[in-house]
Amino acid sequence: MILGALEAGGTKMVCAVGDEQGNIMDRCSIPTETPELTMPKLIGYFKQFPIEAIGIGTFGPADVKPKSDTYGFITTTPKLAWKNYNIMGVLQSELSIPAGFDTDVNAAALGEATFGCMQNIDTGIYITIGTGVGVGIFVNRKLLHGMLHPEGGHILLERGTNDSYKGCCPYHTNCLEGLASGPALEGRYGKKAIELKDMPDVWELEAEYIAKALVNYILILSPERIVLGGGVMHQEQLFPLIRKKTAEFLNGYVDTKQLHDLGSYIVPPSLNDNQGILGCIKLALDALHN
Ligand code: ADP
Ligand code: ZN
């Protein structure tokens, strides 16, 4: 069976075809310009293959609720050309196949839950720390949507003691994304995040913010595993720092076997940065079966 996958991002659209076992057979990347320019290229790509369904994981905010009138739309996004754009509907009608639709981070969580390190887990989260911060959540093996979808990158955090950086989120002065995304690192220190590698204080503060956020997710959702991905998490020295600070902030209040083994509780992605695309393959498969 051949399935299509589209990871719709603010700068690029990653397209792929694969099978239900998670084998990727072909992929390409198309720049995200306007729908008028970009959609024909996406459609042209997918029409080359006999795909039976397509799964879309998108930047947002987006309408991921199947019963809604605007299901499949990118909605109030700051990328104005895509505002209120029916991306799923256009692909579905041009390709005449069933489509599945969710946020990019829910797709990545689903990829890890289906093919990766969260296969044997009922409740888990996938966090990306990159240009933005997003949190994909599944609870009892179902992706969480609620009234819209979680926007866990914008939870409010207590500031680090000496951090006077104003934050880079236009909506909040002290949310996780505003304080700890790649652009926040660049705004605070005036250098590309990758060039900050040898500055230990940078990663201490970064780990402090991420750990504060994890404590909130742990206390509210009780995830059995937490996967941390995205460009900033390529700084591998963050993992031990985040684990240590998460334990410190929890201060023994929650005591589980997972929290005694933080090395396998707070982990990097397991799918070679294919977690998003593979989640889209699973969205396609589920759309076909429904
Ligand atoms: P996006 O979020 O746009 O999909 P990424 O997850 O790659 O893409 O995130 C890009 C952000 O991550 C940029 O702000 C960049 O500075 C930062 N970044 C990318 N690679 C690294 C790295 N190796 N170390 C630290 N920061 C990085
Ligand atoms: Zn914010």
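The values are calculated or read from the model by the stated rules, or taken from the named source; none is laboratory data. Owing to the predicted nature of the structure, the values given are computational and were not obtained by experimental measurement. Glycine gets a Cβ as well: all are built from the backbone with ideal geometry, and neighbour counts include every protein chain shown. Protein only, heavy atoms only, side chains kept; ligands, DNA and RNA dropped before computing areas. Shrake-Rupley method; radii C 1.70, N 1.55, O 1.52, S 1.80 Å.
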In region 75-86, which residue that is in a loop (DSSP other than H, G, I, E, B) and touching a Phe, Trp or Tyr at 6+ places or on another chain (Cβ under 8 Å) is most open to solvent (accessible area, probe 1.4 Å)?
Asn84
What is the number of the single condition among (1) in a helix (DSSP H, G or I); (2) in contact with a helix residue (DSSP H, G or I) (Cβ under 8 Å, 6 or more places away or on another chain) that Gly167 does not meet?
(1)
I'd like the full set of residues that are assigned to a helix (DSSP H, G or I) and open to solvent by 60 Å² or more (accessible area, probe 1.4 Å), limited to region 221-268.
His234, Pro240, Lys244, Glu248, Phe249, His260
Checking Glu208 against (1) within 16 Å of ligand 2 (Cβ to nearest atom); (2) surrounded by 13 or more Cβ atoms within 10 Å (Cβ to Cβ), only one condition comes out false. Which one?
(1)
Sole miss for Cys168 among (1) out of contact with any Gly (no Cβ under 6 Å at 6 or more places or on another chain); (2) open to solvent by 40 Å² or more (accessible area, probe 1.4 Å); (3) at pLDDT 95 or above; (4) within 16 Å of ligand 2 (Cβ to nearest atom) is condition (1)
Kindly indicate whether Leu6 is within 16 Å of ligand 1 (Cβ to nearest atom) and in contact with a Leu (Cβ under 8 Å, 6 or more places away or on another chain).
yes
Does region 93-100 contain at least one residue that is more than 16 Å from Thr32 (Cα to Cα), part of a strand (DSSP E or B) and open to solvent by less than 10 Å² (accessible area, probe 1.4 Å)?
yes
Would you point out the residue of region 1-15, among those that are surrounded by 13 or more Cβ atoms within 10 Å (Cβ to Cβ) and more than 16 Å from Leu91 (Cβ to Cβ), that is farthest from ligand 2 (Cβ to nearest atom)?
Met1
In region 269-290, what residues are in a loop (DSSP other than H, G, I, E, B) and buried (at least 19 other Cβ atoms within 10 Å of the Cβ)?
Pro269, Leu271, Asn274
Six or more apart or on different chains, Cβ atoms under 6 Å: show the pairs whose first residue is in region 235-247 and among the basic types (Lys, Arg) and whose second is surrounded by fewer than 19 Cβ atoms within 10 Å (Cβ to Cβ).
Arg243/Leu262
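For (1) out of contact with any Pro (no Cβ under 6 Å at 6 or more places or on another chain); (2) touching a residue at least 24 places away in the same chain (Cβ under 8 Å); (3) of a type outside the set (Val, Ile, Thr), each residue gets a yes or a no:
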| position | (1), (2), (3) |
| --- | --- |
| Thr32 | yes, yes, no |
| Tyr45 | yes, yes, yes |
| Gln48 | yes, no, yes |
| Ala53 | no, yes, yes |
| Ala62 | yes, yes, yes |
Of the candidates Ile210, Ile218, Ile194, the one satisfying the condition of being over 19 Å from the mean Cα position of the chain (by Cα), among the β-branched types (Val, Ile, Thr) and assigned to a helix (DSSP H, G or I) is Ile194
Quick one: Lys191 ticks every box in (1) away from ligand 2 (no atom under 16 Å from the Cβ); (2) surrounded by 15 or more Cβ atoms within 10 Å (Cβ to Cβ); (3) not polar (S, T, N, Q) except a single one, so which number is it?
(2)
Answer with yes or no whether Gly18 is at pLDDT 95 or above and open to solvent by less than 40 Å² (accessible area, probe 1.4 Å).
yes
Conditions (1) over 15 Å from Lys142 (Cβ atoms); (2) part of a strand (DSSP E or B); number of the one not met by Gly89
(2)
Which pairs have Cβ atoms under 8 Å, sit 6 or more apart or on different chains, and link a residue in region 163-178 that is among the hydroxyl-bearing types (Ser, Thr, Tyr) to one that is assigned to a loop (DSSP other than H, G, I, E, B) and within 8 Å of ligand 2 (Cβ to nearest atom)?
Thr173/Gly167
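Residue-wise test of (1) modelled with pLDDT of 95 or more; (2) part of a loop (DSSP other than H, G, I, E, B).
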| residue | (1), (2) |
| --- | --- |
| Leu6 | yes, no |
| Met13 | yes, no |
| Met25 | yes, no |
| Thr38 | yes, no |
| Ile51 | yes, yes |
| Gly57 | yes, no |
| Pro66 | no, yes |
| Asp69 | yes, yes |
